[in-house]
Amino acid sequence: MGVTGSQENNEKKPVVLIVGGGYAGIQCAKSLDETGLFFVVLIDRKSYFLHNVATLRATVEENFSQKILIPYDRLLTNGCVVKAEVTSISHDGVQVHGRNEPIHFDYLVIATGSSYAFPGKVAETEISNAISIYNTIREKVNASQKILIIGGGPVGIELAGEIATDFPGKEITLVHSQPTLLYPNVFKQKLYSSIQDQLEILNVKIILNDRIQLPSNQHTNYIEGKNTYVTQTSKTSVTADLTFVCTGAHVNNRSLLNGSLKSKLNAQTGRLIVNNYLQVDGFENIFAVGDISDKETKLAYLAAEQGTYLGKLIASLHKKKSNPKEYKVNPNAAILISIGRNGGAGQLPFGGITIGGFLMKQIKSKELFTSRYRSSMNYGSDTQSETKSPYLNKLDSVQSILSFSEEDARNLLAGLPTKELEPGQDFS
Ligand SMILES: Cc1cc2nc3c(=O)[nH]c(=O)nc-3n(C[C@H](O)[C@H](O)[C@H](O)COP(=O)(O)OP(=O)(O)OC[C@H]3O[C@@H](n4cnc5c(N)ncnc54)[C@H](O)[C@@H]3O)c2cc1C
């Protein structure tokens, strides 16, 4: 082990560039910022952290989206968060949209995560726009009578649970391609039965072992208006006035495909190959964490654990400590599925113990870890009052440490424009 990195900042704090402020990126950034040893620059195309574990409740509860779209403005003290879209990531610099010169780093943390069809995740870059589209979908859910959810993995199940709990009169159909909900033969039978029973008690109609084929351009958003679909196997007809697509996440690797680290992507998964220190294969100062990394199950709490580990690792590498600890992969991840605000089922990592609705309500379903993540972002129950250019007091540091002109530093801290997305397009 040992770190090379750029030698340009001899007299200055080393630059840690973190691309992506999701669960992994924010933990890593906070942990390194607190040491005071580094100049941490977290880049995200959005101006806010999306607590997407809780997004589905925003489809049913008024004003809920405001709690889970949390500005980055209070996250860092010594470093800064900048709003910019990274277009290309290479071993010697990171390119952002709206600037010709690359940004250099001593350490690079790639935490670009994954995208999911709305409402699971949202691609809007400003909080006000994201709140507005969550308000719109909540109104559409409210106005619909027949709702179809395609995909019975965790997201489809949780969406069905939210709607069925808050709107018991609606006809909800959940279609899943597997013989059980979730993924078969992975969890205890009790977990599958508990989830299915709870949804059926809420009158959700579940069709298993069957598919609804959508035209390929309809995978990234919900589908409005009355549609009648016929399932592929049993030829069951399903009519819906609102259809949600919950068929899985897309890895955010577009910026990697444009740079010199492309060859470090696993050809099958599209994720970065990392070693036991979460270093990208072949590099001592470049790391990948969370959903963009090939290591471990893709879950928010594991992304956060990786981010925290990496913060400690980079600090110990910087102090030239010998024998840093390897990242310990959690062999059996916990799965906690909420079913509306009152129910749910889970399986814990220790001994595969399953838990039911009563405990799930206390642990997750009641408030979906919202206070915990607001507090991580240094927010309480107060509603957002996002500061414009909150890190402008870092103007001098950006100029001197990143070697930017005053104008360039000012522009970066004010936030660079992002590329336009097609209507309904996710970001991946
Ligand atoms: C609806 C839903 C519910 C879920 N529920 C749970 C749950 O209950 N428990 C659990 O453990 N997991 C859950 N997950 C999974 C979990 O959300 C992911 O594993 C987690 O988001 C991964 O975190 P991350 O930090 O790797 O990336 P993300 O959270 O995806 O964050 C990546 C960040 O990078 C930014 N970014 C990406 N590319 C660029 C670029 N080129 N330029 C600038 N910025 C960029 C994005 O804007 C984003 O902010 C859920 C997922 C969904 C969709």
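The values are calculated or read from the model by the stated rules, or taken from the named source; none is laboratory data. Remember, it's a predicted structure, so these values are computed and weren't measured experimentally. Cβ sites come from the backbone with ideal geometry, for glycine too, and all protein chains shown count toward neighbours.
Yes or no: the range 57-64 includes at least one residue that is of a type in the set (Ser, Thr, Tyr) and either buried (at least 24 other Cβ atoms within 10 Å of the Cβ) or touching a helix residue (DSSP H, G or I) at 6+ places or on another chain (Cβ under 6 Å) (or both). Steps first, please.
Going residue by residue through the range 57-64, those that are of a type in the set (Ser, Thr, Tyr) are 59.
In the following step, the residues that additionally are either buried (at least 24 other Cβ atoms within 10 Å of the Cβ) or touching a helix residue (DSSP H, G or I) at 6+ places or on another chain (Cβ under 6 Å) (or both) were identified as 59.
Scanning the range 57-64, I find at least one residue that is of a type in the set (Ser, Thr, Tyr) and either buried (at least 24 other Cβ atoms within 10 Å of the Cβ) or touching a helix residue (DSSP H, G or I) at 6+ places or on another chain (Cβ under 6 Å) (or both), so the answer is yes.
Closer than 26 Å to Gly311 by Cβ, aliphatic (A, V, I, L, M) and either within 12 Å of the ligand (Cβ to nearest atom) or over 22 Å from the mean Cα position of the chain (by Cα) (or both): which single residue out of Leu265, Leu242, Leu256 fits that description? Break it down into steps so the answer makes sense when it comes.
Details: Leu265 fails: either within 12 Å of the ligand (Cβ to nearest atom) or over 22 Å from the mean Cα position of the chain (by Cα) (or both); Leu242 fails: closer than 26 Å to Gly311 by Cβ.
When all the criteria are applied, what remains is Leu256.
Any residue in the range 128-148 that is over 21 Å from the mean Cα position of the chain (by Cα), on the phi < 0 side of the Ramachandran plot and crowded, with 22+ Cβ neighbours inside 10 Å?
yes
Listed residues Thr297, Thr370; which is within 16 Å of the ligand (Cβ to nearest atom), at pLDDT 95 or above and under 16 Å from the mean Cα position of the chain (by Cα)? Can you show your working first?
Values: Thr297 fails: at pLDDT 95 or above.
Result: Thr370 is the single residue among Thr297, Thr370 that is within 16 Å of the ligand (Cβ to nearest atom), at pLDDT 95 or above and under 16 Å from the mean Cα position of the chain (by Cα).
Within the range 312-357, restricting attention to residues that are of a type in the set (Ser, Thr, Tyr) and crowded, with 16+ Cβ neighbours inside 10 Å, which residue is farthest from Leu32 (Cα to Cα)? Before you say what the answer is, go through the steps one by one.
Initially, the range 312-357 is screened for residues of a type in the set (Ser, Thr, Tyr), giving 316, 322, 327, 338, 354.
Imposing the further condition that a residue be crowded, with 16+ Cβ neighbours inside 10 Å reduces the set to 327, 338, 354.
Values: Tyr327: 17, Ser338: 33, Thr354: 36 Å.
Taking the candidates together, the pick is Thr354.
Would you check if there is a residue in the range 300-307 being within 13 Å of the ligand (Cβ to nearest atom), assigned to a loop (DSSP other than H, G, I, E, B) and not charged (D, E, K, R)? Don't jump to the end; show me each part of the working.
Let us first name the residues in the range 300-307 that are within 13 Å of the ligand (Cβ to nearest atom), namely 300-307.
Among the residues that remain, those that are also assigned to a loop (DSSP other than H, G, I, E, B) are: none.
No, the range 300-307 has no match at all.
Looking at (1) loosely packed, with under 15 Cβ neighbours inside 10 Å; (2) under 30 Å from Ile201 (Cβ atoms); (3) basic (Lys, Arg), which one does Lys361 not meet, given that it meets all the others?
Only one criterion in (1) loosely packed, with under 15 Cβ neighbours inside 10 Å; (2) under 30 Å from Ile201 (Cβ atoms); (3) basic (Lys, Arg) is unmet by Lys361, namely (1).
Could you count how many residues in the range 362-417 are not in a loop (DSSP other than H, G, I, E, B) and not small (Gly, Ala, Ser)? It would help to see each step written out before you state the result.
Of the residues in the range 362-417, the ones not in a loop (DSSP other than H, G, I, E, B) are 362-365, 370-376, 392-402, 406-414.
Going one step further and asking which of them are not small (Gly, Ala, Ser), we end up with 362-364, 370, 372-374, 392-396, 398-399, 401-402, 406-408, 410-413.
So the count comes out to 23.
Okay, residues lined up against (1) within 21 Å of the chain's Cα centre (by Cα); (2) closer than 19 Å to Leu191 by Cα; (3) at pLDDT below 95; (4) not hydrophobic (A, V, I, L, M, F, W, C):
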{"site": "Gly151", "(1), (2), (3), (4)": "yes, yes, no, yes"}
{"site": "Pro154", "(1), (2), (3), (4)": "yes, yes, no, yes"}
{"site": "Leu159", "(1), (2), (3), (4)": "yes, yes, no, no"}
{"site": "Asp166", "(1), (2), (3), (4)": "no, no, no, yes"}
{"site": "Thr180", "(1), (2), (3), (4)": "no, yes, no, yes"}
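Looking at the range 66-167, what strands (runs of 3 or more DSSP E) fall wholly within it and have at least 1 residues that are closer than 24 Å to Ser376 by Cα, touching a strand residue (DSSP E or B) at 6+ places or on another chain (Cβ under 8 Å) and within 15 Å of the ligand (Cβ to nearest atom)? Let's see the steps before the verdict.
Values: elements: 69-71, 80-83, 86-90, 93-96, 107-110, 146-150.
Per the criteria, 69-71, 80-83, 107-110.
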